[in-house]
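*Asks:* If you scroll down you'll find the structure; I have some questions about it.
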Amino acid sequence: MMTAKDSGPLLWKDTPQLRIGPVARVVMAAVVEGQYTFTVPDELAAQVEPGKRLLVPFGRNRKPAPAFCVAVGREPWTATLKPVVGVLDDERLLSDALIELGQWMARYYCCPPGRTLAAMVPEPIRRQSGFRVVRTVHLARGRSEQDSWSAKRATVVEVMRMHPEGLDLETLIEHAHASKAIVSAMIKSGLLSVTTRREPMPAPNFDSPGTEPVFELNEEQRAAITRIEQATKDGVFKALLLFGVSGSGKTEVYIRAIRSVLAAGKQAILLVPEIALTTQIVTRLASRFRDVAVIHSGLTGVQRSLTFAALARGEKKVVIGTRSAVFAPCPNLGLIVVDEEQEASYKNQQSPRFNTRDVALKRAQMAHIPVVLGSATPSLETWCNCDRFSHFERIILPRRIAGLSMPRVSVVDMQFEQRQRKGVHLLSQEMEKQLGETLAAGQQAVLFLNRRGYATYLFCSQCKTPIVCLNCRVNMVFHQTTGKAICHHCQASMVVPKRCGDATCGGTLVRFGMGTQRLEEELRIKLPDARLARADSDTMRHVRDYEQTIERFTRREIDILIGTQMIAKGLDFPFVSFVGVINADTSLAVPDFRAAERTFQLVTQVAGRAGRAESSGTNGGPGVVVQSLSGLSPALQFAANHDFESFARHELVIRQRLHWPPYCRLARFLINHKMQSQASTMADALAERIREYLATQALSAEVLGPQPAPLSRLRNQYRFDFLLRAADAGQLMKILEQLRHADGLIPHSKNIQIDVDPVSLL
């Protein structure tokens, strides 16, 4: 009797035969690392292409599973390779350039390659939503001779002889004056053959041709356009930072630069950080160009699918959109523009955790085209890169268009203010005064408070116990409109009790802090005749809600617009002569090395909404009042003087001394678990393994931590984190690749997240 031990060698008695033929390299659509190779059967050879999805046998049971084909070629292989089972797509979903970009993203952002490619072509595009099935009828070979046909059949055959390329079923029925039943019978008998394909319906039309506005460009704008046009003609990668104060005409520079690219027969992508910002810029660009495409998460699946199809065919020339627009399948891309390049919302918070700006830079580098990074408050990384790298270059717009003055900024210390007045006031006396003058002059105002809700802190007046979210251990925020307390992290809500939950206490609850609802209430009391609107995520539940509010404000049907970050940047309102910033320094308390930078950017961006037209402003010109709870910090002082360059010098000295970006690169490891002890143990063990590996391999990097994350509990998960710090991007990428491929060093687990170049450490 043969034993299991004896049977082993007999299976491999013959050496597997080496063959040469077509093979496909794929990455699995599932969360699986690496590439896999499969043979291409002859019957599928004409259909298998890079950029299509294939069905391949995978896993222990060899069940057919979807995978993205990334390469096809003739290579030697043995019988141990399994064949491709099927082809899922009629047309390529990804070009060679996008496949290369996706594979770079997978390496740099520590993500399985199939996940990055899937992110580039969302599900509606893969399903070809909005496509229709077209059946094309052909005359079967060898059946064109008459064979006792009826007159109606003979007519169908005659029509088909006149169209050897084939006709779709509906057209054939119309031309031959035949019924569907006759054609179906001819197909069944083999006289006619049918092929099917899917073709898209017309893409959404965002064009809105209008009268070309007359803009008199200043000298700096003309020089900026000339420099960008030269970079596009040179056909080399360049990162051009368009650094211009608010109201300096950056959008008009974008438009003229894009127009020159279109004149050369190429396409352009304009990226904006949020859906809200597309409202005005789409309106402006749709009236200046034809064949405009818009891409953002507010589109339906059908709209997104048809828009991508039109772009891939080259029918749409200008793309405007948020994060996913960076993957627009433009076959002839000539320019990428990233507006408000410093914005944290360009960072994707789900895997793959990419920064859209940096992906745009990489795509432009691969395509040998320029990318324009526009901002009044550039990120310190971009600003510093212009001094360190030859392919980065600054273009400066130092003044507002038409000679308009920058708004006067006053900073009010609210601690001093509250000592001088009775009661609790969200608005300082100076802000109330300037608001009154603004409304009396028939002008508009914008008030910014980056806290939605009514009261941001609820606690017992007796025992001081706060009301916190049981899932996240953060303060619940009271919302006056619903009468409920809501967690702004997990959206849990509760009806607010009148008294303390501790039966032994029974104290009454106190509402403290302020949000946009509380600000709106105070304005309605102090300025009862003013027409108010509030723009935050409580009132702006859909894109259309926001668009309607902006349209009403533009038509001057609203006097004062109250809002959070969605009104802070990118918008242009000619009749806004006053801007107020409530609690401007709240963000300085966030435990993040970028806190001062974000505070400066936010205050500067909000202040820039004031005085953007000749007709705006009271007798003293446009004004801004910034209210602070902790005095005049350096960030607020520089923002009040509209002095980015001095702020950058001040902040970069601190960053360099502490060795923070842009003088290093970071990867954040976040470990979460429903049990606190388990999360802590996992974080300690992983950090120690990485330290040991770095020392063993003599890799120049350091591990900082671990420690409880600033948001130590979120959605019922305890969170610990640590940072991996390296000198530059190349070194960080190299180290992370080695760590990922070291045996079991970083386990694949839903409890571990790796965030390369994090924009937030909360």
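*Asks:* Might you check whether a residue that is basic (Lys, Arg), under 22 Å from Ala698 (Cβ atoms) and outside any loop (DSSP other than H, G, I, E, B) occurs anywhere in the range 718-727?
*Replies:* Yes, some residue in the range 718-727 is basic (Lys, Arg), under 22 Å from Ala698 (Cβ atoms) and outside any loop (DSSP other than H, G, I, E, B).
*Asks:* Among the residues of the range 611-643, which ones are at pLDDT below 80 and part of a loop (DSSP other than H, G, I, E, B)?
*Replies:* Gly611, Arg612, Ala613, Glu614, Ser615, Ser616, Gly617, Asn619, Gly620, Pro622, Ser630, Gly631 - these are the residues of the range 611-643 that are at pLDDT below 80 and part of a loop (DSSP other than H, G, I, E, B).
*Asks:* Could I ask something else about it? Determine whether the range 48-56 contains at least one residue that is modelled with pLDDT of 95 or more and in contact with a Ser or Thr (Cβ under 7 Å, 6 or more places away or on another chain).
*Replies:* yes
*Asks:* Are there any pairs with C-beta distances below 8 angstrom linking a residue in the range 542-569 that is without any contact (Cβ under 8 Å) to a residue 40 or more places away in the chain to a residue that is part of a helix (DSSP H, G or I) and buried (at least 19 other Cβ atoms within 10 Å of the Cβ), with the two at least 6 apart or on different chains, and if so which?
*Replies:* none
*Asks:* Have a look at Thr171, Thr155, Thr195 and point out the one that is exposed (fewer than 13 other Cβ atoms within 10 Å of the Cβ) and not assigned by TED's automatic domain parsing to the domain that holds Leu736.
*Replies:* Thr195
*Asks:* Taking Glu212 as the residue in question, decide whether it is more than 25 Å from the chain's Cα centre (by Cα), of a type outside the set (A, V, I, L, M, F, W, C) and not in a helix (DSSP H, G or I).
*Replies:* Yes.
Quick grid of which residues meet (1) in contact with a helix residue (DSSP H, G or I) (Cβ under 7 Å, 6 or more places away or on another chain); (2) surrounded by 18 or more Cβ atoms within 10 Å (Cβ to Cβ); (3) among the polar types (S, T, N, Q):
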site: Phe58; (1), (2), (3): no, yes, no
site: Ala71; (1), (2), (3): no, no, no
site: Pro76; (1), (2), (3): no, no, no
site: Ala97; (1), (2), (3): yes, no, no
site: Tyr109; (1), (2), (3): no, yes, no
site: Glu123; (1), (2), (3): no, no, no
site: Arg126; (1), (2), (3): no, no, no
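*Asks:* What's the number of the condition Met566 fails, among (1) buried (at least 17 other Cβ atoms within 10 Å of the Cβ); (2) at pLDDT 90 or above?
*Replies:* Checking Met566 against (1) buried (at least 17 other Cβ atoms within 10 Å of the Cβ); (2) at pLDDT 90 or above, the one that fails is (2).
*Asks:* Name the pairs: first residue in the range 346-366 and not assigned by TED's automatic domain parsing to the domain that holds Pro273, second residue part of a loop (DSSP other than H, G, I, E, B), Cβ to Cβ under 9 Å, at least 6 apart or on different chains?
*Replies:* Cβ pairs passing all conditions: none.
*Asks:* Still on this structure: Give the residues of the range 251-279 that are in contact with an Asp or Glu (Cβ under 6 Å, 6 or more places away or on another chain) and over 25 Å from Ile369 (Cα atoms), sorted by residue number. Full working, then the answer.
*Replies:* Initially, the range 251-279 is screened for residues in contact with an Asp or Glu (Cβ under 6 Å, 6 or more places away or on another chain), giving 260, 272-273, 279.
Once the filter is applied, which keeps residues that are in contact with an Asp or Glu (Cβ under 6 Å, 6 or more places away or on another chain) and over 25 Å from Ile369 (Cα atoms), the range 251-279 yields only Thr279.
*Asks:* Can you tell me which residue in the range 655-707 is farthest from the chain's Cα centre (by Cα), limited to those that are more than 20 Å from Val756 (Cα to Cα) and surrounded by 16 or more Cβ atoms within 10 Å (Cβ to Cβ)?
*Replies:* Out of the qualifying residues, it is Ser680.
*Asks:* Something else now. Is it the case, given these coordinates, that Arg25 is outside the structural domain of Val359 (by TED's automatic domain parsing), surrounded by fewer than 14 Cβ atoms within 10 Å (Cβ to Cβ), out of contact with any helix residue (DSSP H, G or I) (no Cβ under 8 Å at 6 or more places or on another chain) and in contact (Cβ under 8 Å) with a residue 40 or more places away in the chain?
*Replies:* It is false that Arg25 is outside the structural domain of Val359 (by TED's automatic domain parsing), surrounded by fewer than 14 Cβ atoms within 10 Å (Cβ to Cβ), out of contact with any helix residue (DSSP H, G or I) (no Cβ under 8 Å at 6 or more places or on another chain) and in contact (Cβ under 8 Å) with a residue 40 or more places away in the chain.
The values are calculated or read from the model by the stated rules, or taken from the named source; none is laboratory data. Worth saying up front: this structure is predicted, and the values here are computed from it rather than measured. In this analysis, Cβ positions are derived from the backbone assuming ideal geometry, glycine residues included, and neighbour counts consider all displayed protein chains.
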